[in-house]
1. How much mean residue ellipticity at 222 nm does the chain get from its helices, if each DSSP H run of length 4 or more adds -39500 (n - 2.57) and you divide by all residues, to the nearest 500 deg cm²/dmol?
2. Charges on Cβ only, +1 for Lys and Arg, -1 for Asp and Glu, centred on the Cα centroid of the range 125-174; of Thr138, Val126, Leu169, which one is farthest towards the dipole's positive end?
3. On a 23 Å Cα-Cα criterion, which of the cross-link pairs Lys272/Lys412; Lys194/Lys272; Lys40/Lys334; Lys272/Lys297; Lys297/Lys353; Lys58/Lys293 come out too long?
4. Heavy-atom accessible area per residue, the chain, 1.4 Å probe: how many Å²?
5. Roughly to the nearest percent, how much of the accessible area of the chain is carbon and sulfur, given a 1.4 Å probe?
6. Could you tell me how many degrees, from 0 to 90 and to the nearest 10, lie between the Cα long axis of helix 414-426 and the main elongation axis, the longest principal axis, of the Cα atoms of the chain?
7. Against the longest principal axis of the chain, how steep is helix 343-353, in degrees 0 to 90 to the nearest 10, with axes from Cα atoms?
8. Treating the Cα atoms of the range 228-322 as identical point scatterers in vacuum, please give the log10 of the normalised Debye intensity I(q)/I(0) at q = 0.12, 0.20 Å⁻¹, two decimals.
Amino acid sequence: MKAIRPSWPALVAGGLVLTLTACGGSAAAPGATSSAGDQKKLEVFSWWTSGSESAALKTMIDGYLKTSPGVEVVNGAVAGGGGGNAQAVLQTRLQGGDPPDVWQTHPGAAIQQYTTGNLLADASSVYTAEVKSAIPATMVEAISAGGKQYGVSAGAHRGNVLWYNKQLLEKAGVALPGADYATATFLADLAKLKSAGVVPLCLGAKDTFATAELFENTLLASLGSDGWNQLTGGGTGWDGEKVKAAAADTARMLQYADPDAGAMSWDQATKKLASGGCAFESMGDWAYGELVKGGAKEGDTFGYTPHPGTGGSFVAVVDTMVMAASAKNPAEAKKFLEAVASKDVQLAFNREKGSVPLRTDVDVTSLSPYQQQSAKSFAGDAIVQSVVHGEAMTPQFTQAMFDAVTQFAQSKNVDAFVQALANAAQS
């Protein structure tokens, strides 16, 4: 396997540490800023630049423009690095006192880095009685600080999904996996695929988060949801036996990864699965939107199941928009968040993105079979927050995890890997 190197620097400067997150495509997207005195512009900053992501972002903008038709929306999306490039640009702008009006982030630890630095405007007024009653209390709490709300979440992605190319599995004589698919069976199937001359495991390792997500999902299989919450809550150590077992399983999986993984972004790897170039991919369900956008057909070209051993758990990766405390156009920034909170925008956004609305009062029967299944899982399964996407642990730990994963992908040294994670958790 080629060496996997992160495509961004450690984002630490001036006391502000920005989380490296996923769901960033590889297509070019120009960024721009609005002038300080022009109240006819609103800049929306994100790393949504792949085909499905761009389409989803457009639904947000279109929904907003229904109430503010005279405003020019500046798309400040920055491509590449699995979101790392955008985060580097955002860091520089925040340090320089030039924030976008609104930008993309995640709940939990990711948003707390901004509230701690007093960088966000209070968005509590967006949470009318109707909106607040329709959003799970835990999700409201995850974007709150001091009793106030500082962001609006548009939808929930499931991070622990295993995608597969149906034709390739059938060609190799591998049974289609079900909800009870186990890690040992998965490893045996990877070996069988390799023997049949099929690339077993798609991996967009150019985006370091993709390899980290493979480990995260395998770690959840080892720990279970209760063990996950104990680990991320500090009740157990990152050098425990179950963490070591997950690392060892991940090392075995990486032996079956696409030899070209280091040259591919996550969405390129997903497209390769769709076209029959590789068989499995462990990736969040932003992959669904990319598969469909590329012409693949659910139930025909591709199928899906929870990552082996994680049935009954939902790794939540929640897309959230915030507005700057010093936004150039604060009134319109608030209107944008109001649009994101609306039922119409949540339905349209998630239809394109492959995720599910955060509002529980949105009728999802018009969404795909996968999304309807995901919505049921979100409502009924154990919800755990992602480490890789900055929700469950501090930005410092996430960056240290990415660094450790980069080394681990090359060395496969389990003891060194878990010790690096344990050290990061204690620092």
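The values are calculated or read from the model by the stated rules, or taken from the named source; none is laboratory data. Bear in mind the structure is a predicted one, so any value in this text is a computation, not a measurement. All Cβ positions, glycine included, derive from the backbone under ideal geometry; neighbour counts span all protein chains shown. Side chains are part of the model used for accessible areas, which takes the heavy atoms of the whole protein and leaves out ligands, DNA and RNA. Shrake-Rupley method; radii C 1.70, N 1.55, O 1.52, S 1.80 Å.
1. -13500 deg cm²/dmol
2. Leu169
3. With Cα atoms farther than 23 Å apart: Lys272/Lys412.
4. 35 Å²
5. 51 percent
6. 30 degrees
7. The angle comes out near 40 degrees.
8. Result of the Debye calculation: -0.53, -1.17.
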